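Novice: Supplied in structure tokens, the structure appears directly below.
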Amino acid sequence: MAADDHSGLFSWLVMLLLPEECFVEFFEKFNIFDVPCLKIAVSKGLGFGIILGSVMVKLPQIVKIVMSKSGHGINVAAVTFELTAISFTWAYSVANSFPFSAWGEALFMAVQTTTIATLCFWYKEQTLQAILYVSGYLAIMLVLLSGATPLSILSAMQATNMPIVVLSKLIQAQTNYNNGHTGQLSAVTVFLLTLGSVARIFTTIQETGDAMMTWTYIIATATNALVAFQVLWYWKRTEEFVKKQQAKTE
């Protein structure tokens, strides 16, 4: 491949992340300390980093459920509220033509969150509920993403995300408190969700300027941090619970 081809490919890859004026500032004028372009570069880098991380963020939770063949301690109602908030953000962002780097993790997290809820039904031998859950969710998302749903309705749905996020995490926190442990909740997933929501505050401000989405992520950070604190607080009790469950299955 010729040097010009390499240069052209590099330019194309960089401009997927940065606007042309920032490419000029960084790679032609060598002004690497241009503040507006640095903010864009950091935001884009964080955004795509969050998206890449979201592909795996809930896999530890899924693996933990499959390995134990149990979703004990996971509140399906809380998971469904979380899925609702994720889905509203996904549909609202698509309707507003926000860049993929600002919301792309919603797609991957929706798939994984749906899987978690379905597995919880599956391991309770509630096969019909599992099938209805998945098919119902797919039908709803087809409507929301079809372009037929008015933006005013999607905006109203996005506005409900703040109480939905709070309700989701408080339900799970209450379940943890009642159980005295965090059951099959994955510590890795909980901590990654908390860190991801922190990073999303900055990227949302930088890339969309949307106040509703920004406040949603601020609240998500606080509520995720609450569950993360419980994971640490109940760590020993959770280990004891898991050992007892394993002993029963052996």
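The values are calculated or read from the model by the stated rules, or taken from the named source; none is laboratory data. Note that the structure is predicted; figures quoted are calculated from it, not measured. Cβ placement follows ideal geometry from the backbone for every residue including glycine, while neighbour counts extend to all protein chains displayed. SASA here: full protein model, heavy atoms, side chains in, ligands and nucleic acids out. Shrake-Rupley method; radii C 1.70, N 1.55, O 1.52, S 1.80 Å.
Novice: Charges only on Cβ, +1 for Lys and Arg, -1 for Asp and Glu: so what's the dipole of the stretch 118-250 about the Cα centre, in debye to the nearest 20?
Specialist: In total the dipole reaches around 360 debye.
Novice: To continue, here is another question. Sort by residue number and name the cysteines in the chain that have no neighbouring cysteine Cβ under 4.7 Å.
Specialist: That list is CYS120.
Novice: Using Cα springs under 10 Å in a Gaussian network model of the chain, which residue among GLY71, GLY147, GLY53 shows the largest mean-square fluctuation?
Specialist: GLY147
Novice: Once the Cα gyration tensor of the stretch 98-178 is diagonalised, what are the square roots of 5 times its eigenvalues, in whole Å and ordered largest first, as equivalent ellipsoid semi-axes?
Specialist: Here the semi-axes work out to 25, 19, 13 Å.
Novice: Which of these, SER152, SER70, SER186, has the largest mean-square fluctuation under a Gaussian network model of the chain (Cα springs below 10 Å)?
Specialist: Looking only at SER152, SER70, SER186, the biggest GNM fluctuation is shown by SER152.
Novice: Looking at the P(r) of the stretch 142-250, how many percent of alpha-carbon pairs lie beyond 25 Å?
Specialist: Above the 25 Å cut-off, the stretch 142-250 has 38 percent of its Cα pairs.
Novice: Between their Cα atoms, which of LYS64/LYS236; LYS169/LYS244; LYS69/LYS236; LYS64/LYS169; LYS124/LYS244 are more than 23 Å away from each other?
Specialist: Long pairs (Cα-Cα over 23 Å): LYS169/LYS244.
Novice: Find out how many positive minus negative residues lie around THR194, taking Lys and Arg as positive, Asp and Glu as negative, among other residues whose Cβ is under 12 Å from that of THR194.
Specialist: Charge balance near THR194 sits at +2.
Novice: Label PHE30 and LEU132 with points 7 Å out from Cα along Cα→Cβ: what is the distance between them in nm?
Specialist: 6.7
Novice: Calculate the dipole size of the chain relative to its Cα centre from +1 charges on Lys and Arg beta carbons and -1 charges on Asp and Glu beta carbons; express the result in debye to the nearest 20.
Specialist: Once rounded to the nearest 20, the dipole reads 1300 debye.
Novice: Taking the convex hull of the alpha carbon atoms in the stretch 12-105, what volume per residue do you get, in Å³?
Specialist: Hull volume normalised by residue count: 131 Å³.
Novice: 7 Å from Cα along Cα→Cβ at both VAL42 and LEU145: what's the point-to-point distance in nm?
Specialist: With each label point 7 Å from Cα toward Cβ, the separation is 3.2 nm.
Novice: Same structure again: Please find, in a Gaussian network model of the chain (springs between Cα atoms separated by less than 10 Å), the residue of PRO60, PRO99, PRO36 whose mean-square fluctuation is greatest.
Specialist: Taking springs between Cα atoms under 10 Å, the residue moving most is PRO36.
Novice: Considering only protein heavy atoms, what is the solvent-accessible area of ILE164 at a probe of 1.4 Å, reported in Å² to the nearest 10?
Specialist: Counting only protein heavy atoms, the figure is 30 Å².
Novice: Taking a ≥ b ≥ c as the square roots of the eigenvalues of the Cα gyration tensor of the chain, is the shape rounded (a/c under 1.5), prolate (a/b larger than b/c) or oblate?
Specialist: prolate
Novice: Protein chains only, probe 1.4 Å: how do LEU195, LEU107, LEU185 rank by accessible area, largest first?
Specialist: So the residues, ranked largest to smallest area, are LEU195, LEU107, LEU185.
Novice: Then there is this: With a 1.4 Å probe and all protein chains in place, put TYR177, TYR92, TYR133 in order of accessible area, largest first.
Specialist: Per-residue accessible area, sorted high to low, gives TYR177, TYR133, TYR92.
Novice: Still on this structure, I have one more. Provide the FRET efficiency to the nearest 0.05 for the VAL63-SER97 pair, computing r from the beta carbons and using R0 = 25 Å.
Specialist: Efficiency, rounded to the nearest 0.05: 0.10.
Novice: Same structure, new question: Report, as a whole number in µm² per second, the diffusion coefficient that Stokes-Einstein gives for the stretch 48-96 at 20 °C and 1.002 mPa s using the Kirkwood radius over alpha carbon pairs.
Specialist: 169
Novice: Order the following by accessible area, largest value first: ILE32, ILE40. Probe radius 1.4 Å; ligands, DNA and RNA are ignored.
Specialist: ILE32, ILE40
Novice: Now, a different point. Work out the charge dipole of the chain with +1 on the Cβ of Lys and Arg and -1 on the Cβ of Asp and Glu about the Cα centre, then indicate which of ILE218, ASN179, ASN75 is farthest towards its positive end.
Specialist: About the Cα centre, the residue reaching furthest to the positive side is ASN179.
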